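Note sheet for the following structure.
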Amino acid sequence: MPFPLPVTTHDTGKVYDGPLALSRAPVPHISVGRAGEPVTAVILAGGKSTRMGRDKSLMSYRGKPVIQHICESLRPHFDQMIVAAADREKYGFLNVEVTPDLVADQGPIMGILSALEASETDYNFVIACDSPGIHLPFIFSMVEQAAGCDCVVSVDKAGKMQPLFAVYRKSALDAFWSVYNSGQRKVRLAYGRCRSKFVPFPRGFFALNINTAADAAQVRGLSAQRLKFRAELLDHCAQRYSERVAGRAQRQALNRRGQALDGCQIL
């Protein structure tokens, strides 16, 4: 099976080759259940990039702004796309819906709240604007698991919850508003107030968060390593193919020689 858990999909006939892809499975359009309930992808871009010192959502990644890379990777697979950000003009080039926070400068919890209120669907996958690492089969699995709860939150290899790589349903709104109205701003505090599930990253995958210049350098290094590995793999395949062709030619020559000898009469 191409996916960890069964999901309702509409095969586009393409093969996913996005950032840090761990699967060569056909790329589907994601929906939930047999009825094909739609799903929204939300990119949170309301942060001030204090540690980076510049707007990290517009930092170049593979020749384009990182938020554009994320948007283009996700858009074909979701019914609705939302960028949660205050500045509509700044992200106008993405040609997607931009939703400002209902209350400014309140952190990620308000970004999630505002996006859930604006979303037209019950199921919503939320990702940060500085996370170019995308594993689509894992995202599909998380969405499917959300059918029985309100939040499905990923957990990294260190056991740390990743609230901005998670699936939230509209049924989680009451829990988030409860946390916010109590004066708290930590997203994880909402998990104990609703039905939440925590799922570990699949083997070999880790989310990339570009918060500092060092993180940016690490991402560029990983991209370079991947390109180098791909080039080495192609060289290896080309060498093996050449060896097979040479071996085949040698065998054919020996066969022809053997046939010629078979036709000779021994005097």
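The values are calculated or read from the model by the stated rules, or taken from the named source; none is laboratory data. Note that this is a predicted model, so its numbers are computed, not measured. Note that each Cβ is placed from the backbone with ideal geometry, even for glycine, and that neighbours are counted across all protein chains shown.
Here are a few things to note about the model shown:
Conditions tested, residue by residue: (1) surrounded by fewer than 20 Cβ atoms within 10 Å (Cβ to Cβ); (2) in contact with a Cys (Cβ under 8 Å, 6 or more places away or on another chain); (3) not assigned by TED's automatic domain parsing to the domain that holds GLY46.
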residue: VAL152; (1), (2), (3): no, no, no
residue: LEU164; (1), (2), (3): no, no, no
residue: SER171; (1), (2), (3): yes, yes, no
residue: TRP177; (1), (2), (3): yes, no, no
residue: TYR180; (1), (2), (3): no, no, no
residue: ARG185; (1), (2), (3): yes, no, no
residue: GLY192; (1), (2), (3): yes, no, no
residue: VAL199; (1), (2), (3): yes, no, no
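- Test: residue in the range 75-93 that is assigned by TED's automatic domain parsing to the domain that holds SER178, of a type in the set (S, T, N, Q) and more than 29 Å from ASP150 (Cβ to Cβ): no
- When restricted to residues that are more than 20 Å from LEU58 (Cβ to Cβ) and touching a helix residue (DSSP H, G or I) at 6+ places or on another chain (Cβ under 9 Å), the range 105-125 contains 14.
- Qualifying positions in the range 93-144 - polar (S, T, N, Q) and touching a residue at least 60 places away in the same chain (Cβ under 8 Å): GLN106, SER119, THR121, ASN124, SER131, SER141
- Of residues in the range 128-172 being part of a loop (DSSP other than H, G, I, E, B) and among the acidic types (Asp, Glu), the one farthest from HIS77 (Cα to Cα): ASP156
- For the range 61-107, filtered to residues that are among the polar types (S, T, N, Q) and in a strand (DSSP E or B), the residue that is farthest from ARG185 (Cα to Cα) is GLN80.
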